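Just below is one structure, and these are the notes that go with it.
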Amino acid sequence: MNTKRLQIGVMGSASDQHYPPELETLAASIGTHIAGAGHILIYGANRDTDTLPNVAARAAKAAGGLCVGVTYGRDRRVIYGKESADVIIATGSERGGGREFVLVHSCDVIIMLGGGAGTLTEVAIAYQMNTPIIALAGTGGWAERLAGEYMDVRKRVQILRAETPKEAVRLAIEACREQ
């Protein structure tokens, strides 16, 4: 039996997108389910704003999970994420200038909640790499727009739609088993 710990990326909205507090509950549930399944949560650790992925990482860490934060710049000191990251990967890249490649290339699968331009960039990279993508329905942003869709006519990877955090993590694990 394969007992590989999957590296599950969580991508999504930053607090400056003014997401409702209910989305933090969903993000925390995703983190808890990832930790409960024994897998590793990978996320973009930010120093200047909180995010739904940070919320997921804090919940995963509280549940005994392993969390890896990928940050921009050279500084491994981050304000948001320091209490949840076991490991910080400093990419040396600027925001929007390469961190996304390192982050996505470090994931076996990604789960997205809401999301703006940064999340769209990460999802596009995953799509080009044929990395499985799960979108949590009802979270707005790109997750809502892309759930159940393909990003282009090549139909590389269908973005799977999950209705609950538990289903999102289950689909993520199953998608990796099918590869």
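Just one of (1) assigned to a loop (DSSP other than H, G, I, E, B); (2) crowded, with 22+ Cβ neighbours inside 10 Å fails for GLU83. It is (2). Within region 168-179, residues that are under 16 Å from LYS4 (Cβ atoms) sit with their Cβ atoms under 6 Å from residues that are hydrophobic (A, V, I, L, M, F, W, C) and part of a helix (DSSP H, G or I), at 6+ positions apart or across chains, in these pairs: VAL169/ILE34. In region 5-42, the qualifying residues are those that are in a strand (DSSP E or B) and in contact (Cβ under 8 Å) with a residue 40 or more places away in the chain, and the one that is farthest from the chain's Cα centre (by Cα) is ALA14.
A Cβ distance below 9 Å, combined with a sequence gap of six or more or placement on separate chains, defines the contacts here; from region 141-156, residues that are touching a residue at least 24 places away in the same chain (Cβ under 8 Å) and surrounded by fewer than 17 Cβ atoms within 10 Å (Cβ to Cβ) reach residues that are part of a loop (DSSP other than H, G, I, E, B) and not hydroxyl-bearing (Ser, Thr, Tyr) in the pairs ARG156/MET129; ARG156/ASN130.
Scanning region 1-30 for residues that are among the small types (Gly, Ala, Ser) and either closer than 14 Å to ILE134 by Cβ or touching an Asp or Glu at 6+ places or on another chain (Cβ under 6 Å) (or both) returns GLY9, GLY12, SER15, ALA27, SER29. If only residues of region 1-54 that are among the β-branched types (Val, Ile, Thr) and out of contact with any Phe, Trp or Tyr (no Cβ under 9 Å at 6 or more places or on another chain) are counted, the one that is surrounded by the fewest Cβ atoms within 10 Å (Cβ to Cβ) is THR3.
The sole residue among ALA175, ALA126, ALA168 that is in a helix (DSSP H, G or I) and more than 13 Å from the chain's Cα centre (by Cα) is ALA175. Among the residues that make up region 93-100, is at least one of them modelled with pLDDT under 95, over 23 Å from PRO20 (Cα atoms), surrounded by fewer than 21 Cβ atoms within 10 Å (Cβ to Cβ) and polar (S, T, N, Q)? So far as region 93-100 goes, yes, one or more of its residues are modelled with pLDDT under 95, over 23 Å from PRO20 (Cα atoms), surrounded by fewer than 21 Cβ atoms within 10 Å (Cβ to Cβ) and polar (S, T, N, Q). So in region 101-115, with the set limited to residues that are out of contact with any Leu (no Cβ under 8 Å at 6 or more places or on another chain) and surrounded by 16 or more Cβ atoms within 10 Å (Cβ to Cβ), which one is farthest from ILE159 (Cα to Cα)? Applying the filter and picking the extreme gives VAL102.
The values are calculated or read from the model by the stated rules, or taken from the named source; none is laboratory data. Note that the structure is predicted; figures quoted are calculated from it, not measured. Glycine gets a Cβ as well: all are built from the backbone with ideal geometry, and neighbour counts include every protein chain shown.
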